[in-house]
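As structure tokens, the structure follows; a few thoughts come after it.
The values are calculated or read from the model by the stated rules, or taken from the named source; none is laboratory data. Because the structure is predicted, anything quoted here is derived from the model rather than measured. A quick note on method: Cβ atoms are made from the backbone with ideal geometry, for glycine too, and the neighbour counts reach across all protein chains shown.
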Amino acid sequence: MQLTLYLAMNKKDYFNKEKKGQLTDAEWENLAQALINAKFDKERQKALEETLAKKGIHRKPPKENRRNIFRLVAVAASLLLLLSVGWFWFSNSSTTVQQLADQHLSTPFALIEANTRGEQSIEKLRGKALEAYHQQNYTQAIVYLQQITTEQAAKVDDLFQMGLCHIYKNPPAYQNAIVSFEQAQLLDKNAFQDEMNWYMALCHIKLDQKKQAKIFLEEVINSPSSRQQEAAKTLLNQFE
């Protein structure tokens with residue numbers, strides 16, 4: 001029962017009995033429980049104390065009752081401490097590898113226009129795909145990029161961008177992203193190597209494919225040119 005409701009229903013009888021020294025053990029324990037509950041709401045606890053003070057209630061309960069009350073308060077305090085410690089542990093341990101991956105995927109990769117040459121129609125599609133990407137219209141960007149792929153004119157940049165679009169679109173398609181990155185690496189394993197290893201690691205994490213994720217995280221860590229080495233180490237440590 002909420003403290004305010006408890007007081008509203010019982011304060012008249014409580015005050016009369018308290019003045020006559022007729023409060024029972026159960027009633028004292030009810031008050032103690034109300035005070036314990038109030039520990040979770042400081043404002044209500046303060047209001048209770050002020051209300052009791054205004055009514056001139058300062059008498060301590062008998063020793064036996066006080067021991068019961070103090071026992072309840074001690075139990076409540078112990079429980080509160082355990083809950084606090086448990087919450088501290090949970091809040092720190094709950095930063096899982098999945099959540100860390102989400103944090104890294106929350107900011108889209110900053111694509112710039114690639115210096116490519118090809119048919120005018122293909123270049124127009126690339127321009128539209130890049131524009132859609134920057135407008136966060138990832139599904140439409142995939143449509144343009146798939147048209148380029150259909151024309152068998154896709155380059156590493158196109159497939160890398162398609163992989164990113166699959167990651168950022170709603171809902172994400174992490175497996176499709178991995179396929180796009182793998183196709184890009186078949187064309188040129190050195191282009192965007194660090195970036196694609198990093199994003200493939202994140203995709204495998206999101207797919208709960210730990211073994212594959214570890215492989216790509218180690219690739220990132222062992223690459224001298226990677227800018228994600230420390231982040232990859234942090235993620236890899238989450239698996240241990």
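Data table
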{"quantity": "When residues of the range 155-200 are limited to those that are charged (D, E, K, R) and touching a helix residue (DSSP H, G or I) at 6+ places or on another chain (Cβ under 6 Å), the one surrounded by the fewest Cβ atoms within 10 Å (Cβ to Cβ)", "calculated": "188"}
{"quantity": "Single condition residue 234 does not satisfy, out of (1) hydroxyl-bearing (Ser, Thr, Tyr); (2) outside any helix (DSSP H, G or I); (3) surrounded by fewer than 17 Cβ atoms within 10 Å (Cβ to Cβ)", "calculated": "(2)"}
{"quantity": "Residue identified as in a helix (DSSP H, G or I) and over 27 Å from the mean Cα position of the chain (by Cα) among 167, 148", "calculated": "148"}
{"quantity": "Residue satisfying condition, being farther than 23 Å from residue 98 by Cα and assigned by TED's automatic domain parsing to the domain that holds residue 109, within set 194, 188", "calculated": "188"}
{"quantity": "Matching residues in the range 187-218 - criterion: being assigned to a helix (DSSP H, G or I), within 15 Å of residue 164 (Cα to Cα) and touching a residue at least 24 places away in the same chain (Cβ under 8 Å)", "calculated": "193, 194, 195, 196, 197, 198, 199, 201, 202, 203, 204, 206"}
{"quantity": "Some residue of the range 119-127 being under 23 Å from residue 223 (Cβ atoms) and either crowded, with 18+ Cβ neighbours inside 10 Å or in contact with a Phe, Trp or Tyr (Cβ under 7 Å, 6 or more places away or on another chain) (or both)", "calculated": "no"}
{"quantity": "Subset of the range 219-228 that is polar (S, T, N, Q) and either touching a residue at least 12 places away in the same chain (Cβ under 8 Å) or closer than 16 Å to residue 98 by Cβ (or both) - its residue that is surrounded by the most Cβ atoms within 10 Å (Cβ to Cβ)", "calculated": "228"}
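Yes or no, residue by residue, for (1) part of a loop (DSSP other than H, G, I, E, B); (2) more than 26 Å from the chain's Cα centre (by Cα); (3) modelled with pLDDT of 95 or more; (4) more than 28 Å from residue 233 (Cα to Cα):
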| residue | (1), (2), (3), (4) |
| --- | --- |
| 108 | yes, no, no, no |
| 113 | yes, yes, no, yes |
| 118 | yes, yes, no, yes |
| 129 | no, yes, no, yes |
| 139 | no, no, yes, yes |
